[in-house]
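The values are calculated or read from the model by the stated rules, or taken from the named source; none is laboratory data. Remember, it's a predicted structure, so these values are computed and weren't measured experimentally. Every residue, glycine among them, receives a Cβ derived from its backbone with ideal geometry; neighbour counts consider all protein chains shown. SASA here: full protein model, heavy atoms, side chains in, ligands and nucleic acids out. Shrake-Rupley method; radii C 1.70, N 1.55, O 1.52, S 1.80 Å.
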Protein chains: 2
Amino acid sequence: MASFIEKGTPAPTAYFTGTVWVNINVKPDEGYNINMATVTFEPKGRTNWHTHVSGQILFVIEGTGYYQEKGKPIEVIQKGDVVKIPKSVEHWHGASHERLMRHIALVPDYDKDKTEWLQPVSDDEYNSIF
Amino acid sequence: MASFIEKGTPAPTAYFTGTVWVNINVKPDEGYNINMATVTFEPKGRTNWHTHVSGQILFVIEGTGYYQEKGKPIEVIQKGDVVKIPKSVEHWHGASHERLMRHIALVPDYDKDKTEWLQPVSDDEYNSIF
C-alpha cells in the first residue's frame, strides 16, 4: 500500500527554494483525475510563486508554515489547517523560518488544470512576515 | 481557516455502525469538484458497505483500521497509508477492534460521482479479521 509518511525525492530546484521533498501519492494517470502529493518543506524552504487553473487544496499534517496570495500579507499555517487556494490566483507556500511544514497537496479536475510556475519568492518577500 | 483536526458531527446512523464523526473539509459547492472530509471512527466503528462511481482516496492520519473490498480479505490500514478505492467496487472502512482510526476521505470528479449506500457490515463480517 502506498505511504504518505515517506519524504519522497528532492523537489525540482527550478520551482522551489531551499530543501523540499515531494512524495507523489496519486498520479494523474491512476484514473482519479487528480494530482496528489505530500510535500515536506524544511525551515525556509518554499515553492516559487505559481498558479493552478483548477485551484489547489492543502492539508497541513505537520509543523508550521506560511501561505501567501499575491497582494496580501503572509498567513501562518499549522497542523490541522485546510488551505483552499482559489483558481488561477498567484500564491506560494512553504515552511516557516524555524520549523518544517508538511502538507498533503491536491489539484482537483486535473484534466482541466494548468499549473504555471513563476519567479522564486525572494528573501525580502519571505521575510515580510516580520 | 478551516481545520481538519476537529472531529465534526456524528455520522448518519443509516450508513455507519458504532461511533463515527464526520468533519466536512471541502464541500462540492465550493468549486473544486471534490467532496473531502475527515472521518474519525472509534474502535469497532465502520461504514456500511458502499460504492462510489468516481472511486475514493483515503489518507490514514491516525490510528489503525480495516479496509475490505467485497470478496477479498480485510486489510489492516494504519497511519501513513494511502488507500485507492477503485471505481464502483463495493467496500467498507472503519476502525480496528481496539484502536480508533482517522482518515481524510476524498471523492474526486464529484460531478460524475454517485455514492450508493448498502447494508451494514455485520459483526460476523467485521470479526472475520481473526
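Figures for the structure shown
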| quantity | calculated |
| --- | --- |
| Within region A:29-46, considering residues that are away from every other protein chain (no Cβ under 11 Å) and touching a residue at least 60 places away in the same chain (Cβ under 8 Å), the one nearest to B:Ala105 (Cα to Cα) | A:Val39 |
| Top-ranked residue in region A:26-44 [being crowded, with 21+ Cβ neighbours inside 10 Å and under 24 Å from A:Leu118 (Cβ atoms); ranked as farthest from the chain's Cα centre (by Cα)] | A:Ile34 |
| Qualifying residue in region A:45-55 (condition: under 14 Å from the mean Cα position of the chain (by Cα) and over 25 Å from A:Lys112 (Cβ atoms)) | yes |
| Conditions (1) open to solvent by 10 Å² or more (accessible area, probe 1.4 Å); (2) closer than 24 Å to A:Glu6 by Cα: number failed by B:Glu69 | (2) |
| Members of region B:66-79 that are within 12 Å of chain A (Cβ to nearest Cβ) and either of a type outside the set (D, E, K, R) or not in a loop (DSSP other than H, G, I, E, B) (or both) | B:Tyr67, B:Glu75, B:Val76, B:Ile77, B:Gln78 |
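Let's see how each residue does on (1) open to solvent by less than 10 Å² (accessible area, probe 1.4 Å); (2) free of Cβ contacts under 8 Å to residues at least 12 places away in the same chain; (3) at negative phi; (4) among the polar types (S, T, N, Q):
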{"position": "A:Thr13", "(1), (2), (3), (4)": "no, yes, yes, yes"}
{"position": "A:Val60", "(1), (2), (3), (4)": "yes, no, yes, no"}
{"position": "A:Gly65", "(1), (2), (3), (4)": "yes, no, yes, no"}
{"position": "A:Pro86", "(1), (2), (3), (4)": "no, no, yes, no"}
{"position": "A:His91", "(1), (2), (3), (4)": "yes, no, yes, no"}
